[in-house]
Amino acid sequence: MCLNARSKVSAQIDIPAEIGKTPVGLISGAGAVWVVLLGGRDQGSGAFGRIDTGENVTWFKLKAPEIERAGLLHLAFDPPEARRGPGIWLLGSSIISKNVIDLMVRVDFNDSYTEVVHEEVAALPTQLCKAHRILPLQKSIFATELATSTAAQLMKEPGPAENNSTYEDPA
């Protein structure tokens, strides 16, 4: 639903059926509002969207075979001190189905956030944990797991570059 601040008129923003369903995980950042689509009972859609100030929606779908049907539940931007460049973190969750992988995905964009230039995925070590929220920090990323009452952490791989964006599971 979108409310025009001047006219006070509201309108719904349609989600095309071929993109997905079940909008969740709404945040603002990079000059837009972002939303992920959880999907249905058996699988996710691997889709998320960017809604600009003109109420235009750009839909993105994950491309890699292992994540193209991710059930995306949450999303977050890096903190400014992380300096990884234009991108967003997505959290895939088995909260909708045991057929969906619990995972973290880093999506890198071009400078205007209009084109995906790279996807990087890390499966959470505890599958069927019903991953719930994601929190990127300067050198690591946390994800909460509802079914296990724990938090998973991915650490930045040591390297000479300050903006190294390669991550691995420390376990």
Counting only residues in segment 105-127 that are β-branched (Val, Ile, Thr) and more than 30 Å from Ser149 (Cα to Cα), the one surrounded by the most Cβ atoms within 10 Å (Cβ to Cβ) is identified as Val116
Across segment 20-51, the tally of residues that are crowded, with 21+ Cβ neighbours inside 10 Å, assigned to a loop (DSSP other than H, G, I, E, B) and either in contact with a His (Cβ under 9 Å, 6 or more places away or on another chain) or of a type outside the set (S, T, N, Q) (or both) stands at 5
Only unsatisfied item for Arg50, checking (1) under 22 Å from Thr144 (Cβ atoms); (2) modelled with pLDDT of 90 or more; (3) in contact with a Ser or Thr (Cβ under 7 Å, 6 or more places away or on another chain), is (1)
Those residues of segment 115-159 that are among the β-branched types (Val, Ile, Thr) and in contact (Cβ under 8 Å) with a residue 60 or more places away in the chain come to a total of 1
Filtering segment 84-103 for residues that are surrounded by fewer than 24 Cβ atoms within 10 Å (Cβ to Cβ) and hydrophobic (A, V, I, L, M, F, W, C) leaves a count of 5
The residue from Lys21, Lys61, Lys8 that alone is in contact with a Gly (Cβ under 9 Å, 6 or more places away or on another chain), more than 23 Å from Ala122 (Cβ to Cβ) and not aliphatic (A, V, I, L, M) is Lys21
Within segment 52-81, residues out of contact with any Leu (no Cβ under 7 Å at 6 or more places or on another chain), surrounded by 17 or more Cβ atoms within 10 Å (Cβ to Cβ) and not in a strand (DSSP E or B) come out as Leu62, Arg69, Phe77, Asp78
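The values are calculated or read from the model by the stated rules, or taken from the named source; none is laboratory data. Since the structure is predicted, the reported quantities are computational estimates derived from the model, not experimental observations. Cβ sites come from the backbone with ideal geometry, for glycine too, and all protein chains shown count toward neighbours.
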